[in-house]
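Asks: Structure in structure tokens, see below.
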């Protein structure tokens, strides 16, 4: 019997015919008809018109037919909710069937029908099936709870299914446990603040036992769940690791990767001097290598993950270089990933082998791969100094091949090598210049121009070469234009006599004919520098460049940590946090690696804030950052469009040009002033270069700095603080739930002391005494600083107001949401629990005014991804009043500047646990909507800081 | 979790579409077709993100299987599942082809309903599935209660891969040690990388629920026993070439029937096997590999229009053993116009469509040598790009394990039925094949 014939019916009147067949008396004919319907459905035809006829076939004892009808139902029930009801009866009946396969089938299908009316009827059968004697039914019912939760979360909670699901974790059947874990994990993900997956040593033990017994898929569910657990100490961590390591020998790669995830995460807690730590490191390498003999798609997933693992713990795979050698028949996606890892593992010990391989790859066919291979050779040169010479000669060989894209790629990397090892390999410049004509990609052209400019004094015809580029100036990309501008200025400073005309030409092209602000601004700066003080210009433009970093394109550490927690998942394949590609609340929770033992208490607080601003690497902003820091406050008009006179008065000129020019310097790290190459993200050095280039001009033009000094301090210290805003009290504990005790309250910060203001009302019939209060661990360690002072007994209908001072020295645990506080109040009757949320402004300390320079450094140092943007709507305050108001809540305005009618306020906030929050608020006159940009090392607080802004400004 | 699963033919027409999650709409089916199947360039990644929806795909002959999701799923699991799905389908109806899929679409839907619930993979062992999902409609109507609960307990149980009550008159088992030896050698004869990936495949026809214990010459185990004092007589060797007693295994993975915690603690391999054929373990070794053949290439460019190629192969194993199905593939440039070959042994042919000279030898004993020489004439071209010179590759089959692995024992215990380890008939066979066995020239 073949079923393919069902795919071929395309004649007219088909639906009508099918209808007749569906209503046929003959069983066989009915079944045939339903098959045809399913086939049409698969191909995408609309067969919903047959709904009643198909559902009529449901009442049958033929299981195959029944399954087909169910399949149809799942597809169309949503579009025909009223008729879907017709099916309910059969479902309910099937849930009572003596055959467990049928019971399970019914409950499985019912959960897939997303119609409210049906869901209502689902509850009773589901409850029974969750307690069914047959494990097959129970494991199906467990997943069904997750389905139901997806349709109607409230219903699941009200019906108490979550508790039943939790009980299933202790089920005797391993597959039931695995499915219950999967369902609970999924529900917990969309319910971040619930304590659903309340993992404690007992449940962990149960999971680890089930791990040995369940199917490969179940093992994955359990391992993924385990990875979310935070062991209490290193001993627990080690014992879990010991029980997880056997999984590394599983034939299923996903089991292996999930086990690796658990181990990578928990390892972090083990002391490094522990013998077991070393053993574990050794155990991780072989299974990772084995993953590379899996099918290519899995190899790809494995390689993307190994890329992360190598960045986090290079020691694991440092001896395994050879396994990443590219095979001729590998798919291109595997080749590219292997190449990436090869470079990461390259070291002095293996560099000879690596280079030989890379040279081989550079002759392959795939353009992307060849380019990457060439680039890799350059990266090796920068990473392993001993190999630089060999790399350069390899690159020269490649340039001789004259293959266009190889040549271009080689030139780009040679530029990097020049920067890393100045005055060492310049002998090759001549060879490079021969290939000038073949360069057609912006990056390669820019690199070549940089080389010509940088070594202008050694290239006899540098002026001719640069002039040739200048002809088509406007057709070049910005990257090339900027580079050309800088290179010609360099040339002029080196050989002023012959190139005056050239420099005039490029300056006027950049400033007059271009509408690119970066280019124009850089042009103006050079122009003014050259015309006012050529000596200073020389010191600025030809300043010594900072060294470029060895390791390039590393993933930013906090992101890396998060991705390690997501090993094996899509996030680890994309190298992006889940929030970047998942919609809704799912997966937006940021995961963190637990801290190493021994750091004790602080381990948990570092959970929230990785580091304070004080830890900003000092190298990024040198002491002269002063000047830049101050420039941020400049309140100057943008440069005028008129042609600048060649000799303007110095003071004015400087201001004019700095006002517009440096702004871009602050915002974008790929543009640097000092004349090094822009648009080369792989260098990772642009950011450091900007400030380093500035100091030279400071000494030469003191008037600039001095003149600007007076303009600061606009925003700070205006008016008196108005005191922080206190929200009205809300009811936290209903009398109903508190056996007559009603509690309402709010939080306030008064004179640096955090207070919880409570109103206790006795709505019961008896007297209440012996009040006490306790907090659960929370994100910022809030804890009562003293006992709850209710001295007199609280008689019926009496109300009492109490103020409880709070400290922030309590135990810390990250909550969801962050500002959630779980409170227990005890009296002579019972203990009551409630949770409330406090405004984050409670935690804004009085000394939260950051130094301007530090602010600037910190702002830049916090990665862009950590910046969050918000709109505060409907505020009718001018900037001074607003900043005054905010100051009352310890949000300090450090600087203010006005650009084109827009006020920009720069503000800082410090939390009790030392986390700094930096903000920029834009206020446009006449526009009631403020734009707020917040940067913080702990990005999860941004949202809450924003809420405080809104609260304060609106009240 | 997996939100939907689609199967397409080579034209991008949907053959099977099953949606598990509400967030996956019908448009996802088309998105994949347009962006991946009909895309102009070569596939650059097996994972594609289109409009915040992620597609995982694999290809079997010209059939595309795609899993879709909007969540941060376990990517490794999704691919493992897709492979498993292929295994299950193959076990049910043979080759995965458009025709077979169309012929069995009802069955496939039924399987998809069973092995994937709300996107969570469930038991997908064919042995268990076949007890209640069959091609002749579903059993179940006429099953007894006992039969039903036996099915469910097998599907969900600890030993999901084997059912109770299996009986054979003759208890027999076959062990195949199948190795593929991989090599990448430089033109100068330096080993750039070499490894053996091996599999132990077992066919078991055993009654009851037998408890098995498998032993091999794993260095770690032998060394541990060596300390105990008993050593087998050294130097005794049944294999070609090597006289070593134990081998260092870099890593191994096991079928889910093997008790991993026991392997981790005692390094002993114990299990209750599935009935019939399955893969007991995979392993990988890199040390002391016996490379059965050495290829020595010599390529000389004579002017712009002629190449001279000479390739010598040497067999490197015991003279009493015979290698079979030997094939050497020598790539030729794209602008080859004619080839003359002379070989001492076997047959050699220039295959223009494959751009290679293929030299085949049926059999070759150990410690022998053979050579081929060829003159390749080239058309003059003005293509500046040099010929990439792909490596010379080789295929062969030898009757020993290039890793040196030896099966020491496979003991069978079945306490409930009255047969003992001695009554079981056991067969062991070693086959070494070439994996990617390449020499650069």
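The values are calculated or read from the model by the stated rules, or taken from the named source; none is laboratory data. Only a predicted model underlies this, so the values are computations on that prediction, with no experimental measurement involved. Heads up, the Cβs are rebuilt from the backbone with ideal geometry, glycines too, and the neighbour counts pull from every protein chain shown.
Asks: Are there strands (runs of 3 or more DSSP E) fully within segment B:367-441 with at least 3 residues that are closer than 30 Å to residue B:169 by Cβ? List them.
Replies: B:407-413, B:425-439
Asks: Out of the residues in segment A:44-66 that are within 12 Å of another protein chain (Cβ to nearest Cβ) and within 24 Å of residue B:13 (Cβ to Cβ), which is modelled with the lowest pLDDT? Spell out how you get there, then give the answer.
Replies: So the first thing to find is which residues in segment A:44-66 are within 12 Å of another protein chain (Cβ to nearest Cβ), and the list is A:44-46, A:60-66.
Among the residues that remain, those that are also within 24 Å of residue B:13 (Cβ to Cβ) are: A:44-46.
Details: A:44: 79, A:45: 83, A:46: 84.
Once the filter is applied, the top-ranked residue is A:44.
Asks: Scan segment A:126-163 for residues that are within 12 Å of another protein chain (Cβ to nearest Cβ) and part of a helix (DSSP H, G or I) and report the count.
Replies: 17
Asks: If I go through segment B:22-41 residue by residue, how many of them are facing chain A (nearest Cβ under 8 Å) and part of a loop (DSSP other than H, G, I, E, B)?
Replies: Summing the residues that are facing chain A (nearest Cβ under 8 Å) and part of a loop (DSSP other than H, G, I, E, B) in segment B:22-41 gives 3.
Asks: Scan A:946, A:906 and give me the residue that is in contact with a strand residue (DSSP E or B) (Cβ under 6 Å, 6 or more places away or on another chain), part of a helix (DSSP H, G or I) and either crowded, with 16+ Cβ neighbours inside 10 Å or free of Cβ contacts under 8 Å to residues at least 12 places away in the same chain (or both).
Replies: Answer to the selection: A:946.
Asks: In addition: Please go through segment A:849-869 and give me each residue that is surrounded by fewer than 21 Cβ atoms within 10 Å (Cβ to Cβ), more than 25 Å from the chain's Cα centre (by Cα) and part of a loop (DSSP other than H, G, I, E, B), ordered by number.
Replies: A:849, A:851
Asks: Can you tell me how many residues within segment A:317-334 are within 11 Å of chain B (Cβ to nearest Cβ), under 18 Å from residue A:301 (Cβ atoms) and assigned to a helix (DSSP H, G or I)?
Replies: The total comes to 5.
Asks: Then there's this: Select from segment B:30-57 the residues that are farther than 23 Å from residue A:298 by Cβ and in contact (Cβ under 8 Å) with a residue 24 or more places away in the chain and write down the one among them that is surrounded by the fewest Cβ atoms within 10 Å (Cβ to Cβ).
Replies: For segment B:30-57, the residue satisfying everything is B:38.
Asks: Next question. Based on this model, can you work out whether residue A:277 counts as modelled with pLDDT of 90 or more, in a helix (DSSP H, G or I) and at the interface with another protein chain (Cβ under 9 Å from one of its Cβ atoms)?
Replies: no
Asks: For segment A:88-95, state whether one or more residues are part of a loop (DSSP other than H, G, I, E, B), closer than 27 Å to residue B:144 by Cα, modelled with pLDDT of 80 or more and more than 10 Å from chain B (Cβ to nearest Cβ).
Replies: Yes, segment A:88-95 has at least one match.
Asks: Out of segment A:301-314, which residues are under 17 Å from residue A:333 (Cα atoms) and either without any contact (Cβ under 8 Å) to a residue 60 or more places away in the chain or not in a helix (DSSP H, G or I) (or both)?
Replies: The answer is A:302, A:303, A:306.
Asks: Within segment A:370-421, count every residue that is touching a residue at least 60 places away in the same chain (Cβ under 8 Å), in contact with a helix residue (DSSP H, G or I) (Cβ under 7 Å, 6 or more places away or on another chain) and within 17 Å of residue A:346 (Cβ to Cβ). Even if it seems obvious, please write down each step before you answer.
Replies: Keep residues of segment A:370-421 that are touching a residue at least 60 places away in the same chain (Cβ under 8 Å), which gives A:375, A:379, A:382-383, A:412, A:415-416, A:419-420.
Next cut, in contact with a helix residue (DSSP H, G or I) (Cβ under 7 Å, 6 or more places away or on another chain) only: A:375, A:379, A:382, A:412, A:415-416, A:420.
With the extra rule that they be within 17 Å of residue A:346 (Cβ to Cβ), the set shrinks to A:375, A:379, A:382, A:416, A:420.
The number of residues fulfilling the criteria is 5.
Asks: Let me ask something else about it. Output yes when any residue across segment B:289-302 is surrounded by fewer than 18 Cβ atoms within 10 Å (Cβ to Cβ) and either within 14 Å of another protein chain (Cβ to nearest Cβ) or at positive phi (or both), and no when none is.
Replies: No - not one qualifying residue is present in segment B:289-302.
Asks: Shifting gears a bit: Could you check, for segment A:377-387, whether at least one of its residues is surrounded by fewer than 19 Cβ atoms within 10 Å (Cβ to Cβ) and part of a helix (DSSP H, G or I)?
Replies: So far as segment A:377-387 goes, yes, one or more of its residues are surrounded by fewer than 19 Cβ atoms within 10 Å (Cβ to Cβ) and part of a helix (DSSP H, G or I).
Asks: Hey, among the residues in segment B:249-263 that are within 7 Å of chain A (Cβ to nearest Cβ) and assigned to a loop (DSSP other than H, G, I, E, B), which one's nearest to residue A:287 (Cα to Cα)? Please lay out each step first, then the result.
Replies: Within segment B:249-263, the first condition is being within 7 Å of chain A (Cβ to nearest Cβ), and the residues that meet it are B:250-256, B:260-261, B:263.
Of the ones still in play, those that are also assigned to a loop (DSSP other than H, G, I, E, B) are B:250, B:255-256.
Numbers: B:250: 9, B:255: 15, B:256: 16 Å.
Looking at the filtered set, the residue picked out is B:250.
Asks: To continue, here is another question. For residue A:828, all conditions in the list (1) over 30 Å from residue A:905 (Cβ atoms); (2) free of Cβ contacts under 8 Å to residues at least 12 places away in the same chain hold save one; what is the number of the exception?
Replies: (2)
Asks: Consider residue B:102 against the criteria (1) buried (at least 16 other Cβ atoms within 10 Å of the Cβ); (2) facing another protein chain (nearest Cβ under 8 Å); (3) under 29 Å from residue A:223 (Cα atoms): it satisfies all of them except one. Which criterion is unmet?
Replies: Against the list (1) buried (at least 16 other Cβ atoms within 10 Å of the Cβ); (2) facing another protein chain (nearest Cβ under 8 Å); (3) under 29 Å from residue A:223 (Cα atoms), residue B:102 comes up short only on (3).
Asks: Further question on the same structure: Taking segment B:264-277, which residues are at pLDDT below 90, in contact with a strand residue (DSSP E or B) (Cβ under 7 Å, 6 or more places away or on another chain) and either outside any loop (DSSP other than H, G, I, E, B) or within 7 Å of another protein chain (Cβ to nearest Cβ) (or both)?
Replies: Scanning segment B:264-277 gives B:276, B:277.
Asks: Right, here's the next one. Residue A:414 is checked against (1) in the same structural domain as residue A:388 (by the TED database); (2) modelled with pLDDT under 85 and fails just one. What number does that condition carry?
Replies: Unmet for residue A:414, out of (1) in the same structural domain as residue A:388 (by the TED database); (2) modelled with pLDDT under 85: (2).
Asks: Testing residue A:99 on (1) within 14 Å of chain B (Cβ to nearest Cβ); (2) under 40 Å from the mean Cα position of the chain (by Cα), one condition comes back false. Which one is that?
Replies: (2)
Asks: Looking at this structure, is residue A:535 away from chain B (no Cβ under 14 Å) and assigned to a helix (DSSP H, G or I)?
Replies: yes
To keep it simple, each residue is scored yes or no on (1) closer than 22 Å to residue A:183 by Cβ; (2) facing another protein chain (nearest Cβ under 9 Å).
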position: B:76; (1), (2): yes, yes
position: B:80; (1), (2): yes, yes
position: B:88; (1), (2): no, no
position: B:94; (1), (2): no, no
position: B:108; (1), (2): no, no
position: B:112; (1), (2): yes, no
position: B:117; (1), (2): yes, yes
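Asks: From A:169, A:187, which residue is under 22 Å from residue A:820 (Cα atoms) and crowded, with 18+ Cβ neighbours inside 10 Å?
Replies: A:187
Asks: Another question about this same structure. Within segment A:344-362, identify whether any single residue is at pLDDT 90 or above, within 31 Å of the chain's Cα centre (by Cα) and assigned to a helix (DSSP H, G or I), and answer yes or no.
Replies: The answer is yes; a qualifying residue exists.
Asks: For segment B:1-15, which residues satisfy the criterion of being more than 21 Å from residue A:297 (Cα to Cα), surrounded by fewer than 20 Cβ atoms within 10 Å (Cβ to Cβ) and within 11 Å of another protein chain (Cβ to nearest Cβ)?
Replies: Result: B:13, B:14.
Asks: Regarding residue B:376, is this residue crowded, with 20+ Cβ neighbours inside 10 Å, farther than 30 Å from residue B:222 by Cα, modelled with pLDDT under 95 and within 25 Å of the chain's Cα centre (by Cα)?
Replies: Answer is no for this residue.
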